[in-house]
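Report on one structure; see the data block that follows.
The values are calculated or read from the model by the stated rules, or taken from the named source; none is laboratory data. Since we're looking at a predicted model, the values are computed, not measured. Positions of Cβ are backbone-derived with ideal geometry, glycine not excepted, and every protein chain shown enters the neighbour counts. Calculation scope for accessible area: heavy atoms of the full protein, side chains included, ligands and nucleic acids excluded. Shrake-Rupley method; radii C 1.70, N 1.55, O 1.52, S 1.80 Å.
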Amino acid sequence: MPTADHETVTGLPPGIAAVRDDLTPMLSQYADLCAAHEDALVLFQVGDFYEAFSEAAEAVARICEVTLTQREDSTGEYPMAGIPIDNAASYLESLLDEGFRVAIADQVEDAEQASGLVDRAVTEVITPGTVVDDELLNSGTTNYVAAVACESGARNAGAPNAAGTANDDRYGLAAVDVATGECLVTDGDRATVAEELERVDPAELLTGPETAPFTPADAETGWMESSMAGDVFERRTAVERLEPYVAAPENRFGSDAELRAAGAVLAYAEYTQGDDGPLEYVARIRRYDPREHLRLDATAQRSLELFENRGLGASATLFDTLDETSCALGRRCLERWLRRPLVDPERIRSRHDAVEELTERAFARDAVADHLSAAYDLERLVGRISRGRANARDLRSLHATLAVVPEIREALVPDDAEEGADEAPAPHADHLADLVDRLDTLTEVRDLLDRAVVPDPPQEITEGGVIREGFDDELDDLRATEREGREWIADLEARERERTGIDSLKVGHTQVHGYYIEVTDANLEKVPDDYHRRQTLKNSERYYTPELKEREDEIVGAAERADALEYELFTEVRDRVADETERIQALADALAELDALCSLATVAVDRDYVRPEIVDPEQDPSAGIRVEAGRHPVVERQGEFVPNDADLPRGSVAVITGPNMSGKSTYMRSVALAVVLAQIGSFVPTRSARLPVLDRVFTRVGASDDIAGGQSTFMREMSELTEILHDASPNSLVLLDEVGRGTSTADGRAIARAAAEFLHDELGATTLFATHYHDLTDLASERERVFNLHFTATKEDGDVTFLHRVAEGAASSSYGVEVAELAGVPPAVVERSRELVDGGADDGVASGTTEADVEQTADPSTAADEEPDATLADFAADDDLAEPVTADGSGSGADRQHDGAENAVDDDTAAVVDDATAEALDALRELELATMTPIEALNTLHDLQDDLT
Ligand code: ADP
Ligand code: MG
């Protein structure tokens, strides 16, 4: 990610270092600040700009596309580049994108009052993981900086481990969202922590000196990783660091690794916030145990498209589909839930209870949503307030947000319902009742804010106009004095005109000279004695009187004192609000949960989801997954959807066959998504569902279906498969989608079969296995809990249609041929293909060929893979006939010929190709099937057939 040469740009730029002793005081101050922030690019406030010098200036100019200028002073010339402070956000974003940390060195005293050099200090270090500026943050989602510490196995055991295995190493993970103060910690072995990291998805990761780097699965959107030297990762340092946050930190963590990670991440967070000491808004350090959550590793999250969609054209994710939240708090809460579904049946049911009640109370739900959409981002507000960064507008936003709380309570617990005799008072669901109890109205805080802060305050808090009249007597007096003075001056013109008889006399004000009385030259003789000359203009003179001067001083003095007093009062109010940080955070949590639950209820109602029955596997260990008329929550929104049942006894392996595009992948995912949805507390898109609580959902998509780059796709496929075979349990759900595809047919088939057998025999994990290796269906007769499902295609109104309907049993081994026939491929070719399939069925090779061919034809997305561009000429199963078609640029048809053609083709194949067929094949060569959709391709072929007959 980082492309700039950070060495010369962060810390002290060499060009400045070289002349360090000769610098002017200002540049010398710049040099000091640079030297103190070695890993950051320092932006140095000079008036209205943030400036960088020397090499740093060159980088800023290039990255931010601003002009590179020269600063000239008595000591020399320095390249200089600046960005306007008023409008810094987009420039800062560019610098962050380049992988820089940016230290902001602000002027920390008023430039006008400074004698000599203005004092400057680094007030914050902006980094990808710790930005707090709303403009730089994507408001809905969390932005974490994470740290990982490692305790070697030897240290854990207290004595050197004989084997010295790395497996005993314990890793601690801590993550902080600097904007909201959320702090999570957990620990485990390296694999667990690596998986958690993928789940937390930090923008930035810090590792201790003893920790090997963690490479994100996706380097492009992954984190910026830095190894931290020094003592921040040391236990003692960490304990000290943590003391302001939690009492007795030594006892509060699961392991030393966890404690050290927490210490390090907070040290870094404090550093980025200008080293002002502890971050008060980090009120909770939440420990969690990954085992308390359904484990979904990064691969599963991706292939289930929970948060990102890698498919071409499509853009929807499960999260988008599910997100009907009304405010940022709720949106982030829903995201957290989806990243970490529950595994405790009681907690799951209690969320379902709440969602169920909300589905029934449309009116309350709408009201809550309405009020929540008026809420500001409470977590971030309270973060700014406790850091002393909030301005008056923030306090007003807090006020507006607190104001909706009583309304929300009222919506959920209507007054009349409380009295109602025949009906139990709402809410019925314990979970919801509990949430209502947690809706702290914080009345005192709200009153204080309302009394103290004017309704529409200015951005600046030092220039007055912030504190409301009636809040403070002294302030009111000062403002009264100021007001009276101004009124007196406003009347002065009339009074003086009368007194002097000069009708053209004017009273005015300039910034430099203050108030004056202006008399034109023609009237100078009428000027009274108490007028003192202040200024001579071309045609007039300006005067003041001692009384005017006195009044003016009074006004100015009162105004200045009032502004200062306002600032003081404002910070007092802010501090008093900051004292309630914990309560406000608790309220934020409650609102967030409520919003997320309402969102789930809205989705359930709008899209016809139902409450699943949740089975505790401890109470009913034999319960399998049962879904009646299940739909894929994302795909169903794109058009007509054919619901399908799933009945998967525990530990069963369903082998799913059928042509490409017939619905296998969608079917499997819809089962997995029902499980994920149910375990976050959502209803599910089914007619009914009975689901055991699962511990893990794995998904593995064969290499040829997964276009993600990186390591050799087949290597990756295999290492992912290995992971499943290690970690799956009888409480896991495993989806294998075309696994084994990335290698030769024989190897792939062997791997697929071995994996299916192992899952069935050794692991007992419930498995859905979509495969194009038709012979895998034999397993059903060999193994007790293996059964077959299949998808088919039919011809309706002359068009080939995929029914997308699952059925029991294996697909006919020649379904490829059947689809070809449906599509109108010449009968002779179909006939011959069928012979070959049947003849070769015993070793599975010939059927492999033909079905693969049709699948490839039918799926343009695979055109670029290892087995691309299977050609229609292959229906004739003849090398010679195949060649001309591959010559159209697809070229690699020969690549897959090894599949079966070599084995299955005999020389007399051509004999079955009569004249009509040859003609058809000629026409086929003209077609660019790779660029068509499958249906288009099949329909075109059908038309072609019509033309020929
Ligand atoms: P396969 O894995 O068998 O190649 P997919 O599951 O990828 O097939 O489905 C191909 C396309 O068919 C999907 O993108 C979707 O648009 C559509 N589809 C799949 N299942 C259904 C269904 N049950 N109802 C409606 N359309 C479906
Ligand atoms: Mg598929």
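Give the residues of the range 629-668 that are in contact (Cβ under 8 Å) with a residue 60 or more places away in the chain, open to solvent by less than 20 Å² (accessible area, probe 1.4 Å), within 9 Å of ligand 1 (Cβ to nearest atom) and within 19 Å of residue 767 (Cα to Cα), sorted by residue number. Of everything in the range 629-668, those that are in contact (Cβ under 8 Å) with a residue 60 or more places away in the chain, open to solvent by less than 20 Å² (accessible area, probe 1.4 Å), within 9 Å of ligand 1 (Cβ to nearest atom) and within 19 Å of residue 767 (Cα to Cα) turn out to be 644, 656, 658, 663, 664, 667, 668.
Summed over the range 183-211, residues that are assigned to a loop (DSSP other than H, G, I, E, B), surrounded by fewer than 19 Cβ atoms within 10 Å (Cβ to Cβ) and at pLDDT 85 or above total 1.
For the range 16-54, residues that are farther than 16 Å from residue 114 by Cβ, open to solvent by less than 10 Å² (accessible area, probe 1.4 Å) and in a strand (DSSP E or B) total 6.
Scanning the range 247-288 for residues that are part of a loop (DSSP other than H, G, I, E, B) and open to solvent by 40 Å² or more (accessible area, probe 1.4 Å) yields 247, 248, 252, 254, 275, 276, 278, 280, 284.
Residues in the range 662-694 that are farther than 22 Å from residue 295 by Cα, touching a strand residue (DSSP E or B) at 6+ places or on another chain (Cβ under 6 Å) and near ligand 2 (Cβ under 10 Å from one of its atoms): 662, 664.
Scanning the range 87-136 for residues that are in a strand (DSSP E or B) and either of a type in the set (A, V, I, L, M) or buried (at least 22 other Cβ atoms within 10 Å of the Cβ) (or both) yields a count of 10.
Screening residue 599 on (1) within 16 Å of ligand 1 (Cβ to nearest atom); (2) outside any loop (DSSP other than H, G, I, E, B); (3) modelled with pLDDT of 95 or more shows it passes everything except condition (1). Take the residues in the range 342-382 that are of a type outside the set (D, E, K, R) and not in a helix (DSSP H, G or I); name whichever of them is surrounded by the most Cβ atoms within 10 Å (Cβ to Cβ). Only one residue tops the list, namely 375.
Within the bounds of the range 616-626, is there any residue that is in contact with a Leu (Cβ under 6 Å, 6 or more places away or on another chain), hydrophobic (A, V, I, L, M, F, W, C) and crowded, with 19+ Cβ neighbours inside 10 Å? Taking every residue of the range 616-626 in turn, at least one turns out to be in contact with a Leu (Cβ under 6 Å, 6 or more places away or on another chain), hydrophobic (A, V, I, L, M, F, W, C) and crowded, with 19+ Cβ neighbours inside 10 Å. Listed by position, the strands (runs of 3 or more DSSP E) inside the range 483-561 whose residues that are surrounded by 15 or more Cβ atoms within 10 Å (Cβ to Cβ) and of a type in the set (Lys, Arg) number at least 1 are 506-510, 532-536, 540-544. Looking across the range 645-661, just one residue is farther than 25 Å from residue 758 by Cα and more than 16 Å from ligand 2 (Cβ to nearest atom), and that is 645. In the set (1) surrounded by fewer than 20 Cβ atoms within 10 Å (Cβ to Cβ); (2) without any contact (Cβ under 8 Å) to a residue 60 or more places away in the chain, residue 81 fails one condition alone, (1). Residues that are exposed (fewer than 13 other Cβ atoms within 10 Å of the Cβ) and among the β-branched types (Val, Ile, Thr) within the range 440-461 comprise just one, 443. Residues that are surrounded by 24 or more Cβ atoms within 10 Å (Cβ to Cβ), within 23 Å of the chain's Cα centre (by Cα) and among the aliphatic types (A, V, I, L, M) were ranked within the range 677-696; the one that is nearest to ligand 1 (Cβ to nearest atom) is 677. I'd like the residue in the range 760-771 that is in a loop (DSSP other than H, G, I, E, B) and away from ligand 2 (no atom under 16 Å from the Cβ) and, out of all such residues, is surrounded by the fewest Cβ atoms within 10 Å (Cβ to Cβ). Here the residue is 764.
So that you can scan it fast, the table gives a plain yes or no per residue for (1) more than 19 Å from residue 329 (Cα to Cα); (2) at pLDDT 95 or above:
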| position | (1), (2) |
| --- | --- |
| 382 | no, no |
| 395 | no, yes |
| 401 | no, yes |
| 405 | no, yes |
| 414 | yes, no |
| 417 | yes, no |
| 420 | yes, no |
| 426 | yes, no |
| 451 | yes, yes |
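Every condition in (1) of a type in the set (Gly, Ala, Ser); (2) closer than 20 Å to residue 318 by Cα; (3) in a loop (DSSP other than H, G, I, E, B) holds for residue 689 except the one numbered (3).
Within the range 783-832, restricting attention to residues that are hydroxyl-bearing (Ser, Thr, Tyr) and modelled with pLDDT of 75 or more, the residue that is farthest from the chain's Cα centre (by Cα) is 812. Taking the criterion of being touching an Asp or Glu at 6+ places or on another chain (Cβ under 9 Å) and of a type in the set (A, V, I, L, M, F, W, C), the residues of the range 521-543 that qualify are 524, 527, 537.
With respect to the conditions (1) in a loop (DSSP other than H, G, I, E, B); (2) in contact with a helix residue (DSSP H, G or I) (Cβ under 8 Å, 6 or more places away or on another chain); (3) modelled with pLDDT under 90, residue 311 falls short on a single one, namely (2).
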